[in-house]
C-alpha cells in the first residue's frame, strides 16, 4: 500500500502541475536554476521552455560561470560581450528586452546614452548596437534610468506609470510601451559606468524578488565587462594624455621665437594621440586698441563702429590666421592667413562663440543642431562631413584668449567624451601657458633691439664727427681730401706731425700733470702714446680710426668733478709710463701693451660721479644689471661697444684670436680697478715680487713672469690699481688740487645720500667734516696706497719715483693734519679750561678759602 500510495502521490502532483502551468514554471525556475543557466549560457543558444529542464547539479552552475568568464575575456569588443550577457539575463528573468545605457559627461554635464538597445533573446548584435549618430541621450535628472545612476542603487519598478521619475521620451520615439522594469547601475567603486535595464516581465505583471536576486547576481558579469573596458580605455586615455603633454612640451621649448611656429610644432607632433579626423586652430588678433588714425573714420561717422562679438577682455574677435590639420586620409596641413568668414571651420560660428565666452563646447550630431550653422554636406572636395565637434579656447597666463582649437569627428565614430575634453584641455592650457615663453622671448628681443638702438644713438652722439677729427687729422687742409680718400702712410706721417713728441710734453714722466693742458691736447697726447708703443702701424690701425676712437673716448666721459676725461687720460698715461719708463713692458707682448693702454684710457668711461655702493643703495638700473663691480662692468661694456663699431674700432685689423685676447685683457684691466678686489690680489702680487727680487738675472725674472699668464694678469691688475691711484703720487702742487676734486665729488655723493636716500654719509663723503680731509688722506695712503707703490718700487726700481712722490705727499698731508689737530686740541683745551672755571665758580672755590666743598652754612 505504501507503493500504491507513492504512485498515487506522483499522479496527484503531475495532475496539479499540468493544471497549474504558471506555478510549475515558477517552481522549476527556482529549483532547477542550474540547468536553466546552462542552457541560457550555452555556446549554441537553443531557446526552450525553462520548465522542461530537470536534474541539474550545483557543479554545473560553477562550470557555467567559468565558461562565461572565459567568454568575457575572449571577446575584446565590450559591446559584443555585453550583448551576450544581456541576452542571457533577458532569458533568465523572462524579460521582453534589455538595454545598456553608458554613463559619460560632456561639457561638464553628466548624461546617459544608449549603447545597446532593445536586446532580446533572439536579436542580433548588429541590430542592437547603437550608432553614435543615432544615440538617445538624456541628462541624469530625467527618467528612471537617471534615478538609478544618481542614486547608485538597483530598482524594481512594478508599474512605471506609478513612478514619478518615469519619462516616456524613449517610448514616444520608438512606439514601444514600457510597463515594468528591473534596473541596476554598473559601478566602479563610487563612480557609475552605466545602467543595465530589463523591461517588461514576460508571462507576469512584474519582476519577482527571485528575479531581482538573479538579476543582481548576474549583473556582476556586466559590471566586470564594463569595468574591464573602462580600465583599458582609461589606460589608453592616460597614455595619450602623457604623450600629448610630453611631446607638446618638447616641441614648445624647441620653438621660442614665434607663437605660430610653436603651436604648429606641438599640434602636429601630437596629432596621432588626439584621435580625431581633423582639427583646426584659429589664432586671434591680440590688438586691444585701434590706432588713432583708424578711429578717425568712426568718430567722423563715416564708418559704423564695431558691434560684433568680443573676447572677455574686450578685443574684437578677428582670426588673423587658421591652421587646418587634415588627417582623415592623406595628411595635409593648410595655413590660411586672414581666413574668409565662410571658411569651413569658421562658418558655423562655433569658434567665434568659444572665443567670445571662453567655454568648452562638446557637440555630438551637429547636423541636428539649430544654434550653429554647421555644413550638413561635405565641407570640401575630400567629402569630409562634420559629425561631432569639440572646441576649446587657448588661454594664456594673463587669462586672455589667444586662439581657439576645434577638433572634428572622433576616429571611432563616437562623440567626444569627458576624457577627450580633459586631454585637449590639458593641451590647450599648456599651449596657452607656453605663450609666455614667446612673450618673454619677444620682450627680450625688443629689449635687445632697444639696447641696440640706444647703443647706436649713443655712438652717434658720442662718436667724433668729421669736423672734430679734422681738428687733429687735418687732411682737408693739407690734402684737400677727407681721411677715407687719403693714403694711409701719408696720414700716419701727417698725424705724427700734428701731435707733440712724448719727451716734449713729459709723457714719459710719472710726474706728468694734465692741469695746464687743454682737453684737445690730451687727446693728441693719448694718440702719441700708441705711436710710442709702436702698435699703430704694426697692427694696421687706420689713422682716422685711431683719432676718432681717442676723441670718442674723451666724449664718453661725463663732465663731472673728478672721474672725467682728465682722470681717464691720467690713468692711460700712467699705464704707458709704467710700461715704458717703469720697464714693465718686457713682460708683455706688443698686443698686450696695446690692449692695456687702451683699457686704461677707457677704465672709467661714462662714470656717474657716484660709487658702486650708491648704485646699490639707490637701486639704479646698473646695479640691477650687474651684481658686482657695478660701475667697472659698465665701463667695460662701454669699451666693448666701441669695439663693435667699425669706425671707432682700433682693433679692427686683428685676427679673431688676437681680438679675443684684447677683449679678455680689457676684462682683466677694467674690472681690476674695483678697489673691493684690490685686497684679494695684493698678496698674490707680493709673492711675485718676493720671488723676483732675489733674481740677479733679468732674463730669469722675465721668464718667471712671461711664461705664466696668471702672473702676468696679476701684475697687470696691480698696474691698473697703481694707475687709478696715481694722483696720490704726483707733485704736491698737483696732488693737493686733485685731492680737493676727489673730495668735492665725494661730498656731492654725500649730499645725494642725505637728500635722496635719507641716510647719513660716511665721514669721507660728509662735507661737514671737510676739515678732516688731511687726516683721512693720511689714512687712505697708509691703508691702501702705500702697499701698491712700495711693492712696485721693490719689483722695479724705475717705479720708485711714484713711491717717493707718495711719501712726500703723505708728509704734507701729515703736516696739515697735525696743524688741524693742534687747532682741535687747542679748542678742546680751551673748552676744558672754561668748564673747569665754571665748575670752580659753581662750588664757590673762587678765592673765599676755607669753605667746605660738601657743606655750606647759610
Taking strands (runs of 3 or more DSSP E) that fall entirely within region 81-185, which contain at least 2 residues that are under 30 Å from residue 422 (Cβ atoms)?
95-106, 109-119, 137-139
Taking the conditions exactly as written (free of Cβ contacts under 8 Å to residues at least 40 places away in the same chain, in the same structural domain as residue 267 (by TED's automatic domain parsing) and farther than 20 Å from residue 433 by Cα), does residue 384 satisfy them or not?
no
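Which of the following residues is crowded, with 18+ Cβ neighbours inside 10 Å, outside any strand (DSSP E or B) and modelled with pLDDT of 90 or more: 346, 267? Give the steps one after another, and end with the answer.
On the way: 267 fails: modelled with pLDDT of 90 or more.
The match here is 346.
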Yes or no: region 771-786 includes at least one residue that is outside any helix (DSSP H, G or I) and without any contact (Cβ under 8 Å) to a residue 60 or more places away in the chain.
no
Select from region 505-525 the residues that are assigned to a helix (DSSP H, G or I) and either at pLDDT below 95 or over 9 Å from residue 573 (Cβ atoms) (or both) and list them in ascending order.
505, 519, 520, 521, 523, 524
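If I filter region 764-782 for residues that are surrounded by fewer than 16 Cβ atoms within 10 Å (Cβ to Cβ), over 24 Å from residue 809 (Cβ atoms) and not assigned by TED's automatic domain parsing to the domain that holds residue 603, do I get at least one hit? Explain how you work it out, then say what you get.
As a first pass, look at region 764-782 and keep what is surrounded by fewer than 16 Cβ atoms within 10 Å (Cβ to Cβ): 767-768, 770-771, 779, 782.
Going one step further and asking which of them are over 24 Å from residue 809 (Cβ atoms), we end up with 768.
From the residues that got through so far, the ones that are not assigned by TED's automatic domain parsing to the domain that holds residue 603 too are 768.
Yes.
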Residue check, residue 787 against (1) closer than 21 Å to residue 746 by Cβ; (2) within 53 Å of the chain's Cα centre (by Cα); (3) surrounded by 14 or more Cβ atoms within 10 Å (Cβ to Cβ), all met but one. Which one?
(1)
Of the conditions (1) surrounded by 14 or more Cβ atoms within 10 Å (Cβ to Cβ); (2) over 17 Å from residue 274 (Cβ atoms); (3) over 31 Å from the mean Cα position of the chain (by Cα), the single one that residue 311 does not satisfy is (3)
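Which residue is nearest to residue 201 (Cα to Cα), if the candidates are limited to region 115-150 and must be free of Cβ contacts under 8 Å to residues at least 24 places away in the same chain and over 47 Å from the mean Cα position of the chain (by Cα)? Spell out the reasoning first.
Of the residues in region 115-150, the ones free of Cβ contacts under 8 Å to residues at least 24 places away in the same chain are 117, 124, 126-127, 130, 134, 141, 147, 150.
When the remaining residues are screened for being over 47 Å from the mean Cα position of the chain (by Cα), the result is 117, 124, 126-127, 130, 134, 147.
Values: 117: 17, 124: 21, 126: 24, 127: 22, 130: 23, 134: 27, 147: 21 Å.
Looking at the filtered set, the residue picked out is 117.
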Could you tell me how many of the residues in region 733-763 are in a helix (DSSP H, G or I) and over 13 Å from residue 610 (Cα atoms)?
12
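Before we move on, is residue 328 touching a residue at least 40 places away in the same chain (Cβ under 8 Å), in the same structural domain as residue 390 (by TED's automatic domain parsing) and either in a loop (DSSP other than H, G, I, E, B) or on the phi > 0 side of the Ramachandran plot (or both)? I'd like the intermediate steps shown before the answer.
Working: touching a residue at least 40 places away in the same chain (Cβ under 8 Å): yes; in the same structural domain as residue 390 (by TED's automatic domain parsing): yes; either in a loop (DSSP other than H, G, I, E, B) or on the phi > 0 side of the Ramachandran plot (or both): yes.
Taking the combined requirement at face value, the residue satisfies it.
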Does region 395-418 contain any residue that is assigned to a helix (DSSP H, G or I), more than 27 Å from the chain's Cα centre (by Cα) and in contact (Cβ under 8 Å) with a residue 24 or more places away in the chain?
yes
I'd like the full set of residues that are buried (at least 22 other Cβ atoms within 10 Å of the Cβ) and out of contact with any strand residue (DSSP E or B) (no Cβ under 9 Å at 6 or more places or on another chain), limited to region 145-197.
none
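Just one of 654, 622, 642 is touching a helix residue (DSSP H, G or I) at 6+ places or on another chain (Cβ under 7 Å), surrounded by 16 or more Cβ atoms within 10 Å (Cβ to Cβ), in contact (Cβ under 8 Å) with a residue 24 or more places away in the chain and part of a helix (DSSP H, G or I); which is it?
On the way: 654 fails: part of a helix (DSSP H, G or I); 622 fails: in contact (Cβ under 8 Å) with a residue 24 or more places away in the chain.
Only one candidate qualifies: 642.
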Scan region 121-137 for residues that are surrounded by fewer than 18 Cβ atoms within 10 Å (Cβ to Cβ) and closer than 16 Å to residue 99 by Cα and report the count.
10
Looking for something surrounded by 18 or more Cβ atoms within 10 Å (Cβ to Cβ) and part of a helix (DSSP H, G or I) - is there at least one such residue anywhere in region 200-214?
yes
Criterion violated by residue 662 - all others in (1) farther than 15 Å from residue 589 by Cα; (2) surrounded by 17 or more Cβ atoms within 10 Å (Cβ to Cβ) satisfied
(1)
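The values are calculated or read from the model by the stated rules, or taken from the named source; none is laboratory data. Model, not experiment: these values are computed from the prediction. Don't worry about glycine lacking a Cβ; one is built from the backbone with ideal geometry, like all the others, and counts go over all protein chains shown.
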